[in-house]
Amino acid sequence: MTISDLTIHALHSALKNKQISSVEATTAMLERINSVEPQVCSFITVTSEQALADARAADKRIASGDCQPLTGIPLAIKDIFLTEGIRTTCGSRILESFIPPYSASSWEKLKAQGTVLLGKLNQDEFAMGSSNESSAYGITRNPWDISCIPGGSSGGSAAAVAAREAVATLGTDTGGSIRQPASHCGCVGLKPTYGRVSRYGVIAYASSLDQVGPLTRDVADCALMLEAIAGHDPKDSTSVDTSVPKYSAGLASGVKGLKIGLPKEYFIDGLDPDVQHAMTAAIETYRRLGAEFVDISLPHTDYAVATYYLIATAEASSNLARYDGVRFGHRAEAAGLLDMYTKSRSEGFGTEVKRRIMLGTYALSSGYYDAYYVKAQKVRTLIMNDFMSAFSHVDVMLTPVAPTPAFKIGEKINDPLQMYLSDIFTIPVNLAGTCAMSLPAGFSAHGLPIGLQLIGKPFAEETILRAGYAFEQATEWHTRKASI
Ligand code: GLN
């Protein structure tokens, strides 16, 4: 097996046993990035020098006998995470030359274990999108078929794992941005419960929905990454102060007697037949493994996308007010202050971001606030209640991640509503604030990966990881490699 194909746990053993050094592993990854980037475009910035310096430091640490699970592992992170001294664009022109003065807590935690930073990954501008086509730094392509989108907004994070340009990556998920690209690129992606991972130093899109999570080659790696980044952070008042389980220790306990709910609203007529087929096969696999299935209902599912697009855009319009040309990023030449604001924002933001700011500002404007924003908040509570009552009957839920496999580049770019609908199965989880994971569950007739979503109770990441691990042990989907 080539170095760039290794999982975190395999590379960790090789590093620990001194079969390979972190410098060798990092060099192999950088070579791989060099050779596939012209086709995939997963990275906005490759930090080669930083990576080699990190790797040398990791090798010293390992030589001194300190080899933690992530020490010396070459990773890359979405360009939404602030990285001290390293350009952070969030996929936007407006932050083209922004160098943050401090780093995101989740990245600090990975760094503390001695990981290696390969670079910053491509994404939809300000994480708004489902296809990576709204990035100001080129469209990331799906490593399984470069005429297709990788999903979004963490498209670079998924494509880099699938193209074997990074061992694992970090992404963010506001309405599906970890799970949907993981599904389209055939990797594992986990959105933790709101509050499980610190959002400090993560550029805000919709603060009540945003969460940080890993994208990896398998479930064991996912558990290791989550273990490293989870936990309370005094710098993020929304991070919750509960202990972090040792996720990697409980993986192998199986699913015998586990009650899995099938929400009827998620198995709709419009589901792509290949996706439907993969779900049926997955249910069969779980039955064989001893899980029990229960039919459940999440009755307010139909309202989730509309609710999300009111709440997310409202929060975004407020969060993005700070990009005014004064304190951050791009500043246009103009005669007066107001003109400077307007010109800086007009030049710096792309079409989708402008659309969201207008939608959000409208939903918050006086006269419409009660009709749209307040109503959306109320419906959000109903959606949350749906989940909580269903979870009194089941331990986890099984659903598709997306209604179709990856679509073609350009296919939905001029039809925002179609694009928004591609997150129909992931958005409700963010509104409910709970956790969910996407894992490889099959392939379409055209050879594109199909993901399975496991939704857990709040703070029950351990259960979905255990269920995901059992599925992975019984199937071989995660072992297939994109031909790129
Ligand atoms: N596609 C959704 C949106 O554009 C979700 C994005 C995300 O999770 N960041 O808002």
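The values are calculated or read from the model by the stated rules, or taken from the named source; none is laboratory data. Given the structure is predicted, the values throughout are model-derived calculations rather than measurements. Virtual Cβ from ideal backbone geometry, glycine too; neighbours counted across all protein chains shown. For accessibility, only protein heavy atoms count, side chains too; no ligands or nucleic acids. Shrake-Rupley method; radii C 1.70, N 1.55, O 1.52, S 1.80 Å.
Structure above, values below:
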quantity: Single residue of V202, V167, V188, V116 found to be modelled with pLDDT of 95 or more, under 11 Å from the mean Cα position of the chain (by Cα) and either among the aliphatic types (A, V, I, L, M) or open to solvent by 10 Å² or more (accessible area, probe 1.4 Å) (or both); calculated: V188
quantity: Of residues in region 119-150 being away from the ligand (no atom under 14 Å from the Cβ) and assigned to a strand (DSSP E or B), the one most open to solvent (accessible area, probe 1.4 Å); calculated: D145
quantity: Some residue of region 459-473 being in contact with a Lys or Arg (Cβ under 6 Å, 6 or more places away or on another chain) and not polar (S, T, N, Q); calculated: no
quantity: Residue match in region 20-34 (condition: open to solvent by less than 20 Å² (accessible area, probe 1.4 Å), among the aliphatic types (A, V, I, L, M), part of a loop (DSSP other than H, G, I, E, B) and touching a strand residue (DSSP E or B) at 6+ places or on another chain (Cβ under 7 Å)); calculated: no
quantity: Region 336-360, residues that are within 16 Å of the ligand (Cβ to nearest atom) and either within 16 Å of G91 (Cβ to Cβ) or open to solvent by 70 Å² or more (accessible area, probe 1.4 Å) (or both); calculated: F349, G350, T351, E352, V353, K354, R355, R356, I357, M358, L359
quantity: Matching residues in region 205-218 - criterion: being surrounded by 24 or more Cβ atoms within 10 Å (Cβ to Cβ), polar (S, T, N, Q) and within 13 Å of the ligand (Cβ to nearest atom); calculated: Q211
quantity: Residue in region 58-80 that is assigned to a helix (DSSP H, G or I) and over 26 Å from S13 (Cα atoms) present; calculated: no
quantity: In region 302-316, the residues that are of a type outside the set (F, W, Y), within 16 Å of the ligand (Cβ to nearest atom) and within 20 Å of F387 (Cβ to Cβ); calculated: A304, V305, A306, T307, L310, I311, A312
